[in-house]
Amino acid sequence: MKVINRALDRRKRVVAYTVVAVILAFLLLPVTGMEFMPEQDEARLTMLAKLPVGTNLDTTEEIMTMVEKRTMKALKDSEYRVVSVRAGYGEGFAAAFGDTADHTGKLELRLVPVTERDRSQQELREVLREELKDIPGVDFNFSFEDDGLLGGGAAISIEVYGYDFEKSAKYTNEIYEKIKTIPSLKDIDISREEGLPEKVIQINRDKASKMGLNASQIANMVKNYVAGKVATIYRHEGDEYDVFVRLREKDRETIDDIRQLRVTTPVGVSVPLGNLIKIDTRTGPTSIERKKQERVVYIKCRAEGQDLRSVVADIQDKIDQIPRPTNFNVMIAGAYEDMQDTFQDLALALLLAVVLIYIIMASQFESFASPFIVMFSVPTLFFGVMVFLFLTGTTFNVVSFMGVLMLAGIVVNNAIVLVDYTNILRARGMQVREAIIEAGRLRLRPIMMTTFTTILALIPMSLGIGEGSEMSAPLARSVIGGMSSSFIFTLVFIPVVYSLFESGKERLQRRKEMKALKALKGN
């Protein structure tokens, strides 16, 4: 037990080294990187293709046929099972109700299990990006459905809140142009699409009112002339058919035809519709999304090759460089928002766990000092966790944090064994230093047995072999790292802390005795 002897001779140095180690652990956090959940290999890829708005279905089908051929050429036959291509694809409610957009396409790949191929799902995504990037006029983005049911991967959603359509479109495009220069951002896509050019009829309400007409009457008249109106119902053999009546096609082909339509006022005067309306050509959004009762545009993207926290910092830096329009707001959500909320909840759970552990130990030790000494083993686990995650190239994520939460209840066991036996030896009459050294010598073997059995049992899980290992490996690695560092610090740092507490108690006791002697002499 020469190590404990030396540590007790250099108590201040041991405390200083331990504090530096804990601080170093937190400094390693930005280097290691933070993300919400590790990306899982789901053995499937979904890629969406967007051509310019207005592209006909035949052109889209030709492009998707080319995409299919290039995909099968870029991948090995042993890497996929099914390749499915579709021209004309709708998203969200449009897809649910069978509505499609002719200028969109979809490529779906069913891959073989990860254990049967050499390249990961992420590597295959990059291969397809390189293979298809030279097709002009087409934007290819991989769907975020591939990130798994548990929210794996780094799907980032930039939410742009604002009412004005023109300002929103301009501001969103400026953000898009800025962030696409970030190398680690992939699959950048704007949720709001501009629709086809449309004719907008604006009614001069003052003129219409003077003639006894309102906007509703004029709108219904235009609708009846162009779209048609049910005039009667045709019944045949028990079936009913609506009969629509509208203008002949040659009378409604051009905008001038619409302007020449006649409107009859309540007093029976017929006037041209062109005297009451103004027709403009505009391009409006195909859909309007809302969140928190505000209009919002989503810019969705994926972080690859860099941790989520660093990528979000780069995005925020780019957004800050753009002048923000009045009454507009930008928020970064998606996996980043989930990470922040979950980390806050886990931090609170860790704090409650530490408090409950202390309460239980205080009741068992029947003392407040001994469990307080034991709790000094908890901060030391962070050093091992962060160093091991850094060495294995693992980010600090929710799964890693859960490992830390488990370690809070595990690492105190070794300290409990050491402190409890030291108290027993002191009760038998040993001096503090002698009891600390003897407890370290006699409890070394059981502490080593519990530590190494736990570490060895977690090694297969930490290797990340097999399907679904992306979710279990970070937990095993954080536990292994935390157990390793706490084992060393428990045998060296906890005896020093115990010695310092006892020295402090002795000094307080001497002060009380001196005060008592002075009081007696004074009397």
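The residue pairs whose first member lies in the range 91-117 and is part of a helix (DSSP H, G or I), whose second member is at pLDDT below 85, and whose beta carbons are closer than 7 Å, counting only pairs six or more residues apart or on different chains, are 114/41; 114/43; 114/120; 114/467; 115/466; 115/467.
Here the strands (runs of 3 or more DSSP E) wholly within the range 252-369 that include at least 1 residues being out of contact with any Cys (no Cβ under 9 Å at 6 or more places or on another chain) and free of Cβ contacts under 8 Å to residues at least 24 places away in the same chain are 262-264, 270-272, 289-291.
I'm trying to understand the selection: among the residues of the range 385-426, which are in contact with a Lys or Arg (Cβ under 7 Å, 6 or more places away or on another chain) and among the aromatic types (Phe, Trp, Tyr)? Full working, then the answer.
Within the range 385-426, the first condition is being in contact with a Lys or Arg (Cβ under 7 Å, 6 or more places away or on another chain), and the residues that meet it are 388-389, 392, 394, 417-418, 421.
The answer is 388, 421.
Every test in (1) touching a residue at least 12 places away in the same chain (Cβ under 8 Å); (2) polar (S, T, N, Q); (3) not in a helix (DSSP H, G or I) is passed by residue 232 save one, and that test is (1).
State yes or no: is residue 187 at pLDDT below 90, under 19 Å from the mean Cα position of the chain (by Cα), surrounded by 18 or more Cβ atoms within 10 Å (Cβ to Cβ) and part of a helix (DSSP H, G or I)? Before the answer, list the steps.
On the way: at pLDDT below 90: yes; under 19 Å from the mean Cα position of the chain (by Cα): yes; surrounded by 18 or more Cβ atoms within 10 Å (Cβ to Cβ): yes; part of a helix (DSSP H, G or I): no.
So residue 187 fails the test.
Every residue in the range 321-373 that is of a type in the set (Gly, Ala, Ser) and on the phi < 0 side of the Ramachandran plot, please. Working first, answer last.
Of the range 321-373, the ones of a type in the set (Gly, Ala, Ser) are 333-335, 347, 349, 353, 362-363, 367, 369-370.
Correct list: 333, 335, 347, 349, 353, 362, 363, 367, 369, 370.
Every condition in (1) out of contact with any Phe, Trp or Tyr (no Cβ under 7 Å at 6 or more places or on another chain); (2) assigned to a helix (DSSP H, G or I); (3) of a type in the set (A, V, I, L, M, F, W, C) holds for residue 373 except the one numbered (1). In the range 89-125, of all residues being among the small types (Gly, Ala, Ser) and at pLDDT below 80, the one that is surrounded by the fewest Cβ atoms within 10 Å (Cβ to Cβ) corresponds to 98. With the structure loaded, tell me whether residue 222 is touching a helix residue (DSSP H, G or I) at 6+ places or on another chain (Cβ under 6 Å), among the aliphatic types (A, V, I, L, M) and surrounded by 11 or more Cβ atoms within 10 Å (Cβ to Cβ) or whether it fails that test. The answer is no for residue 222. Condition (residue is touching a Lys or Arg at 6+ places or on another chain (Cβ under 9 Å), within 30 Å of residue 7 (Cβ to Cβ) and of a type outside the set (Gly, Ala, Ser)) applied to the range 439-453: is it met by at least one residue? No: the range 439-453 contains no residue that is touching a Lys or Arg at 6+ places or on another chain (Cβ under 9 Å), within 30 Å of residue 7 (Cβ to Cβ) and of a type outside the set (Gly, Ala, Ser). Scanning the range 26-38 for residues that are assigned to a helix (DSSP H, G or I), outside the structural domain of residue 122 (by TED's automatic domain parsing) and without any contact (Cβ under 8 Å) to a residue 40 or more places away in the chain turns up at least one hit.
The values are calculated or read from the model by the stated rules, or taken from the named source; none is laboratory data. Remember, predicted model here, so these are calculated numbers, not experimental data. Don't worry about glycine lacking a Cβ; one is built from the backbone with ideal geometry, like all the others, and counts go over all protein chains shown.
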